[in-house]
Amino acid sequence: MSTIGILGGGQLGLMMAQAAKKMGHRIIVVDPDDQCPCVSIADEFICAKYTDEQAIATMASRCDVMTYEFENADAQLVEKFGEKFPQGSEALTVSQHRYKEKKFAQKLGLNVPEFIRIKSDADLYPITRFPTLIKTCRFGYDGKGQWLIRDIEDLNEIKLEFPGEYIAEDFIDYDREISVVVARFKDGTVAYPPFENVHEKGILRKTVIPCEINASVKDKAIEAAITIADQLNYIGVLAVEMFVRGDDVIFNEFAPRPHNSAHLTIECADFSQFDLHIAAITSQPCTSPTLLRPGVMFNILGQHVAEVLSKYAAQPDEHVYIHWYGKKENRFNRKMGHVTLATSDAIEMKALVERWRMSK
């Protein structure tokens, strides 16, 4: 068995570690928060910043392979220890910058929204199509660093900070938001069926599998995700978010790591996304997952914690699976856990969804 180093000790690192420990691996974690979710499960914990080269070097010297759990890891440091990171650094470099990410997808021939780069106020003048989205090129997540510009008045009022880089892209009036999660091994690539996602204010609130899309759209979406993973020479789990409009699949963004939308694979598939990620980075043979039952997942945000505890105490159910991330501080809109509903009985699923739909 291997010793696996995880850069980042948040909920994704926790679920990676849980999958790895189940397979008999040892875990070393680097994270600046000595109360992060991974502390409770790591065999060895190094409290240090993600940019601490000495800490990463120490982890590298003590493990067989390393992985990162978030896309804001230092790409240059990952490249420096490249032989230990099967995911590589290119996926980080591309996904960390929204303009580079869109250019990358465009060069691959994927369908992308119209977009322009903004490096000064003068770059706003060519924007004439509304609505449009303006986003920071770096570090925005869960709706942060994004502005919906509905008309010229909104455009005139927006105050962007320079020097800084932004991207403006056409707002897509979509039928569905979907994600495709693939696992690329050294000897092949596999994919889960697309997940359908519902966001509110930029935060994923609900995910459903299987997604109600036709076979042509499904094939296009999976092919696009595999193309991205192949082009990056990526090893591990990678997620691609897309919009569906009619029979068109439109690229939005990708994440070089396991993804929030695929958490329900823990209960709904024979191999979870975390099982596949650990298997891929430890050079195991390609393993194809099978969907065992339909599922619906709701994120548990800070404002939902009491509601979830009350619902489950009042009526526990064998088809309801609650995952807590072990975060110490409960904050509004912070992801504290998730609940998965998993059953093949359509009538029961409908009742469970109504019961477990989270409040605002």
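The values are calculated or read from the model by the stated rules, or taken from the named source; none is laboratory data. Not measured: the values here are computed from a predicted model. Ideal geometry is used to build each Cβ from the backbone, glycine not excepted, and the neighbour counts take in all protein chains shown.
Can you report the number of residues in region 108-137 which are of a type in the set (A, V, I, L, M) and exposed (fewer than 13 other Cβ atoms within 10 Å of the Cβ)?
First, pick out the residues of region 108-137 that are of a type in the set (A, V, I, L, M): 108, 110, 112, 116, 118, 122, 124, 127, 133-134.
Now narrow it down to the ones that are exposed (fewer than 13 other Cβ atoms within 10 Å of the Cβ): 122.
Matching residues across region 108-137 total 1.
Mind checking which pairs have a first residue in region 31-45 that is assigned by TED's automatic domain parsing to the domain that holds Gly337 and a second that is assigned to a loop (DSSP other than H, G, I, E, B) and at pLDDT 95 or above, Cβ under 9 Å, 6 or more apart or different chains?
Every condition considered, no pair remains.
Residues are listed down the side, and each one gets a yes or a no for (1) under 19 Å from the mean Cα position of the chain (by Cα); (2) outside the structural domain of Asp248 (by TED's automatic domain parsing); (3) of a type in the set (A, V, I, L, M); (4) more than 21 Å from Gln231 (Cβ to Cβ):
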{"position": "Asp52", "(1), (2), (3), (4)": "no, yes, no, yes"}
{"position": "Met66", "(1), (2), (3), (4)": "yes, yes, yes, yes"}
{"position": "Glu69", "(1), (2), (3), (4)": "yes, yes, no, yes"}
{"position": "Lys80", "(1), (2), (3), (4)": "no, yes, no, yes"}
{"position": "Ala105", "(1), (2), (3), (4)": "yes, yes, yes, no"}
{"position": "Leu108", "(1), (2), (3), (4)": "no, yes, yes, no"}
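Check Ile300, Ile281, Ile322 and return the single one that is over 20 Å from Met23 (Cα atoms), touching a Gly at 6+ places or on another chain (Cβ under 6 Å), among the hydrophobic types (A, V, I, L, M, F, W, C) and assigned by TED's automatic domain parsing to the domain that holds Glu196.
Ile300
Quick one: which residue in Tyr192, Tyr166 is of a type in the set (Ser, Thr, Tyr) and farther than 18 Å from Asp123 by Cβ?
Numbers: Tyr166 fails: farther than 18 Å from Asp123 by Cβ.
The conditions single out Tyr192.
Is region 35-48 home to any residue that is polar (S, T, N, Q), more than 18 Å from the chain's Cα centre (by Cα) and surrounded by 15 or more Cβ atoms within 10 Å (Cβ to Cβ)?
Kept after step one, since they are polar (S, T, N, Q), are these residues of region 35-48: 35, 40.
Among the residues that remain, those that are also more than 18 Å from the chain's Cα centre (by Cα) are: 35, 40.
In the following step, the residues that additionally are surrounded by 15 or more Cβ atoms within 10 Å (Cβ to Cβ) were identified as none.
No, region 35-48 contains no residue that is polar (S, T, N, Q), more than 18 Å from the chain's Cα centre (by Cα) and surrounded by 15 or more Cβ atoms within 10 Å (Cβ to Cβ).
Within region 18-118, which helices (runs of 4 or more DSSP H) (wholly inside it) include 2 or more residues that are closer than 30 Å to Phe130 by Cα and touching a helix residue (DSSP H, G or I) at 6+ places or on another chain (Cβ under 9 Å)?
Values: elements: 53-62, 75-80, 90-95, 98-107.
Passing ranges, in order: 90-95, 98-107.
Matching residues to (1) part of a strand (DSSP E or B); (2) free of Cβ contacts under 8 Å to residues at least 60 places away in the same chain; (3) touching a strand residue (DSSP E or B) at 6+ places or on another chain (Cβ under 7 Å):
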site	(1), (2), (3)
Phe243	yes, no, yes
Glu253	yes, no, yes
Ser261	no, no, yes
Ala280	no, no, yes
Ser288	no, no, yes
Lys311	no, yes, no
Lys328	no, no, no
Leu341	yes, yes, yes
